[in-house]
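One structure is given here, and the rest of the page talks about it.
Read-outs: derived from the displayed coordinates by stated rules, not from any lab. In this text, all values refer to a predicted model and were calculated from it rather than measured experimentally. FYI the Cβ positions are ideal-geometry reconstructions off the backbone, even for glycines, and counts take in every protein chain you see.
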């Protein structure tokens, strides 16, 4: 009898996609370049302590001089700031009070998205679109008036 293949929710071929991307309905998109920049040095405090001891200081002085924060650790995002803690706690309270209904807490999520730095996409006017096209085309756009004048003298039959 052949061994049975276990059924999984996410196929193994899609595991990298689930780590480096987010579902479509999600408001916060994954930033894969920041995932690769994450660092943690497990030997930070040991090396700092040994360097301090190498300078000839006592054990008490070295322990007192160690900094509480590892300087090589990846910086946290904007939502971990103390200023965002009120907005975060109110969003969590809203979700727990409404039984997980996201539609009732959209104002809290909008406030969190503004704190995180997300901006709504602006609708561009036709003048802005034309201006962007001209700036991308650059000096090649100089041929348009020459073609316009040249087409007056050339007759296509």
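Strictly greater than 17 Å: what percent of every Cα pair in region 112-155 meets that?
The share of Cα pairs beyond 17 Å in region 112-155 comes to 61 percent.
Which one, [x] 16.3; [y] 17.4; [z] 23.5, gives Kirkwood radius over Cα pairs in Å as derived from the coordinates shown?
So the structure-derived entry is [z].
In a GNM of the chain with a 10 Å cut-off on Cα contacts, which of 14, 124, 34 has the highest mean-square fluctuation?
124
Relative contact order for the chain: what is it in percent, counting Cα pairs under 8 Å that are at least 6 residues apart?
Value for the chain: 13 percent.
Given springs between every Cα pair under 10 Å in a Gaussian network model of the chain, which of 49, 118, 20 has the largest fluctuation?
49
Enter the angle in degrees (range 0 to 90, nearest 10) between the Cα long axis of helix 44-54 and the first principal axis of the Cα atoms of the chain, meaning the one along which they spread out most.
60
So if each residue of separation counts as 0.36 nm, and I subtract the Cα-Cα distance between residue 40 and residue 139, what length gain in nm does that give?
Taking residue 40 through residue 139 to full extension adds about 30.7 nm, to one decimal.
Pairing the Cα long axis of helix 85-97 with the longest principal axis of the chain, what angle in degrees results, from 0 to 90 and rounded to the nearest 10?
Orientation of helix 85-97: about 90 degrees from the principal axis.
Set the Förster distance to 35 Å, then compute FRET efficiency between residue 26 and residue 132 from the Cβ-Cβ distance, nearest 0.05.
My answer for the efficiency is 0.75.
Which of 85, 21, 131 ends up with the largest GNM mean-square fluctuation for the chain, with Cα atoms connected below 10 Å?
131
Ordered by packing density, taken as the mean number of other Cβ atoms within 10 Å over each peptide's residues, highest first, how do 98-104, 78-84, 111-117 rank?
Top to bottom by mean Cβ count within 10 Å: 111-117, 78-84, 98-104.
May I ask for the angle, rounded to the nearest 10°, between helix 106-116 and the longest principal axis of the chain, with both axes built from Cα atoms and the value confined to 0 to 90°?
It is inclined by approximately 80 degrees.
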